[in-house]
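*Asks:* Attaching a single structure in structure tokens format; questions to follow.
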Amino acid sequence: MLVIVAAAVVVMLGAAAAVALWLLPPRLAEQPRERFTATTTVVVTDGTTGASASLEFDAGWLAIGVGPFLPHDRATVVSPDGAYRAELSLAPAGAFDAATTLQALGLGDEDEQARWETAGWSTETLPDGVLVHHAELTRGTETLVVAWATPAAADPAEGTTGSAPALLLTARVPTDVADDYRTVTAALLATVQSSPAAAPGDAS
């Protein structure tokens, strides 16, 4: 009897541990990690190719996510006032394509695709030479900003190899103050840097 009880306890503990491990990563991904005390470069890296892209954040911004489960190809940072949430990732390989970009972000479903097309995409080169394709979509009290950004010299449309990746910025901000944060988005994107995948044989 004791053996049966012990076995049952082990099974229950194992099941509880499995549930905890399943729930833990999402919870840790939303926990505040650190508030930057100086200008800080946040890098997202493709774990397969080693290609990377980065943005600079001023002191006061808050990095979100803790623990060993955090992916290296995504990052989340919140503005000092807590109103602006920036999610960083790497763009799909190749020149900018709106549909591919939205699909990579999980925003390419049919119901919302038409709204993104109506929102329109703007293209501009910032004074620092960063090429940006961006669009905004209002979702009630929240406005979603999507921006594809890369130093112009690394953009495939400019006639280069396009080996350096573009950075995707997805920003969420309250709709009633969205206009005020457009300068924040521009200031962040002006700091974009990217590094191409390592060539075969290069030291890692």
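The values are calculated or read from the model by the stated rules, or taken from the named source; none is laboratory data. Values in this document were obtained by computation on a predicted structure and should not be read as measured data. Using ideal geometry, Cβ is built from the backbone for each residue, glycine included, and neighbour counts are taken over all protein chains shown.
*Asks:* With 63, 86, 51, 38 as the choices, which residue is surrounded by 16 or more Cβ atoms within 10 Å (Cβ to Cβ), more than 24 Å from residue 172 (Cβ to Cβ) and at pLDDT 90 or above?
*Replies:* 51
*Asks:* Show me the helices (runs of 4 or more DSSP H) found entirely inside the stretch 92-194 where at least 1 residues are at pLDDT below 90.
*Replies:* By residue number, 98-104, 110-119.
*Asks:* Then there is this: Identify, from the list 129, 120, the residue that is of a type outside the set (D, E, K, R) and out of contact with any helix residue (DSSP H, G or I) (no Cβ under 7 Å at 6 or more places or on another chain).
*Replies:* 120
*Asks:* Among the residues of the stretch 100-134, write down those that are in contact with a Leu (Cβ under 9 Å, 6 or more places away or on another chain) and among the small types (Gly, Ala, Ser).
*Replies:* 104, 108, 119
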